[in-house]
1. Do any residues in region 439-454 that are in the same structural domain as Leu381 (by TED's automatic domain parsing) and outside any helix (DSSP H, G or I) have Cβ atoms under 9 Å from those of residues that are surrounded by 17 or more Cβ atoms within 10 Å (Cβ to Cβ) and of a type in the set (Gly, Ala, Ser), where the two are at least six apart or on different chains, and which pairs are they?
2. Test Gly78 against the stated conditions and say whether it is surrounded by 12 or more Cβ atoms within 10 Å (Cβ to Cβ) and either within 26 Å of Gly452 (Cβ to Cβ) or assigned by TED's automatic domain parsing to the domain that holds Gly455 (or both).
3. Any residue in region 156-183 that's polar (S, T, N, Q): show its pairings with residues that are in a helix (DSSP H, G or I) and buried (at least 16 other Cβ atoms within 10 Å of the Cβ) at Cβ separation under 8 Å, as long as the two are six or more apart or on different chains.
4. In region 318-330, is there at least one residue being charged (D, E, K, R) and more than 27 Å from Leu390 (Cβ to Cβ)?
5. Counting only residues that are buried (at least 18 other Cβ atoms within 10 Å of the Cβ) and not aromatic (Phe, Trp, Tyr), how many does region 155-171 have?
6. Which one of the conditions (1) assigned to a helix (DSSP H, G or I); (2) out of contact with any strand residue (DSSP E or B) (no Cβ under 7 Å at 6 or more places or on another chain) does Ile332 fail to meet, given that it meets all the rest?
7. Condition (residue is of a type in the set (Ser, Thr, Tyr), touching a Phe, Trp or Tyr at 6+ places or on another chain (Cβ under 7 Å) and farther than 30 Å from Val174 by Cβ) applied to region 252-265: is it met by at least one residue?
8. Filter region 1-59 for residues that are assigned to a helix (DSSP H, G or I) and of a type in the set (S, T, N, Q) and give the result.
Amino acid sequence: MNKLVLIALRRPYTFVVMCILIILFGGLTVYHMPTDVFPNITLPVTSIVWIYSGMLPQKVEGRITYMFERFMTSTVEGIKYIRSQSYFGSSITNVYLQDNVDVARAEADIVGIAQNVVKALPPDISPPMVMRLAPSSIPVAMLEISSDEMTPAELYNLTYMRIRPLMVTVPGIVLPHPYGGQDMQVMVNLDPQKMLARNLTPRDIHDTLMKQYLVLPSGDIKVSATDWIVQTNASPLKINDFADIPIKREGNAFVYLRDVASVRLMGRVQQNAVLVKGKQTVILVAMKSTEASTLDVVEGIKKMIPRAEAVSPESVKIRLLSDASTFVKDAISDVFHEMLTAGALVGVIVLVLLGSWRATVIVWVSIPLSILTAIIGLHWLEETVNVMTLGGLALAVGILVDDATVMIENIDRHIEMGKPLEQAIIDAANEIVVPTLVATLCIAIAWFPLFGLTGTAGYLFKPMAEAVMIAMIASFILSRTLVPTMAKYMLAAHPEKGSPHVATT
């Protein structure tokens, strides 16, 4: 440690350049570092969603949820606990895994058993959606898509087909399906009286439609020198063509679909509605991925809105209904304000007690350099700028001045003893190297137990501990390098006997 002081006195420009690099890289890191309210919380949770429309919750619980849980617990390893909910026509199972489990392998096992359990579940059920849940993936913005001329079905179709594909291109965004409106589809409205007159049941019409509406590859056929692509005519291309599908043959006559039903292109039966100021609209909720920055995602959405409006009819209005970035900016601004206030108060106290503006400048310069060094270290540890890391740096502001203040005060004491300036710096540094090192390590070690926290508390408080510890270590190193360098050029030697007095304040 003492060699650092000698190197700093003999090669001062080396550490001046080091401080300039800290300022440059620290500024770039702050600009590019993801910003959010809280640190990334990546709990190992996997969600499995089964869809079987029309089944009652009691049946879903017994026929789907229970069967899947029984199969999964006999195959998947590392399960901490399971939470399942059974709804009307759907089942959601959240699997919480152990902290030391390979999440990718566990998810692969879940997907594999889900494919096998399909055979034991009700007929015609589709394989489930398996997705990883992350508490950090929270809604960051909400888009309102409205129109005075379009129907809810047309508005939903526009949002799903045009606006959503554009928004998906924003880096770090996660977009669920739109809420509100009606999904556009072909609706076949059966007439019970006409069906009864022709001795038909809904099952007969369903089976006929399934056989008629086929999408099969038909290949090609080579005739002479021409290779023709064969197209099947079993898939109607227009709504009116559905009405001409034959359902039943009675002698030499056919019963067509138009004889027992009406076919229209319309929205399905609406099960949810989104009202904004009493008007039915479509809502697009934008979420962010775990690694993405809230500010970057919201800024990307704002830039994409004009492009979405350009591909939409003139009557469509797209408005940002909610914006989580304002809360993030306010929270970060408040913490920065507290940091600046703490730094200013520390500078005033040092100026009053040391009575030298030069000593105050030396001490105060070490604070932002230590904070920038901590931010660089946090970036290397893949942390983000959030309330917890900034809170840790704000807590460390008052502690960061200890090493520099003790060094400056001891240098001043040796100068008063009549020693030359460089010798006073060397002797002062040699005297306090062990006490300051022990004090710095004790403060840093006091935060070490936070690394033993698990779960959500661990994700929240570990970045705070890292911020304080890195800042403390940086402060100690700067007190052995930058402080002696600045003291050599800024502190004037106390007058020796017979020499004129040089003011230091």
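The values are calculated or read from the model by the stated rules, or taken from the named source; none is laboratory data. All figures in this text were calculated on a predicted structure; none of them were measured in a lab. Neighbour counts are summed over all protein chains in view; Cβ atoms, including those assigned to glycine, are modelled from backbone coordinates with ideal geometry.
1. Matching pairs, first to second residue: Trp447/Gly392; Trp447/Ala465.
2. Judged against the criteria, Gly78 is a match.
3. Every condition considered, the pairs that remain are Thr169/Met304; Gln182/Pro152; Gln182/Ala153; Gln182/Tyr156.
4. Within region 318-330, one or more residues are charged (D, E, K, R) and more than 27 Å from Leu390 (Cβ to Cβ).
5. Kept after step one, since they are buried (at least 18 other Cβ atoms within 10 Å of the Cβ), are these residues of region 155-171: 155-159, 163-164, 167, 170.
Filter once more, so that each one left must be not aromatic (Phe, Trp, Tyr): 155, 157-159, 163-164, 167, 170.
Qualifying residue count for the region: 8.
6. Ile332 satisfies all of (1) assigned to a helix (DSSP H, G or I); (2) out of contact with any strand residue (DSSP E or B) (no Cβ under 7 Å at 6 or more places or on another chain) except (2).
7. Here is the first cut: in region 252-265, the ones of a type in the set (Ser, Thr, Tyr) are 256, 262.
Next, from what is left, pick out any that are touching a Phe, Trp or Tyr at 6+ places or on another chain (Cβ under 7 Å): none.
Looking for residues that are of a type in the set (Ser, Thr, Tyr), touching a Phe, Trp or Tyr at 6+ places or on another chain (Cβ under 7 Å) and farther than 30 Å from Val174 by Cβ, one finds none in region 252-265, hence no.
8. Let us first name the residues in region 1-59 that are assigned to a helix (DSSP H, G or I), namely 2-10, 12-32, 57-59.
Within region 1-59, Asn2, Thr14, Thr29, Gln58 qualify.
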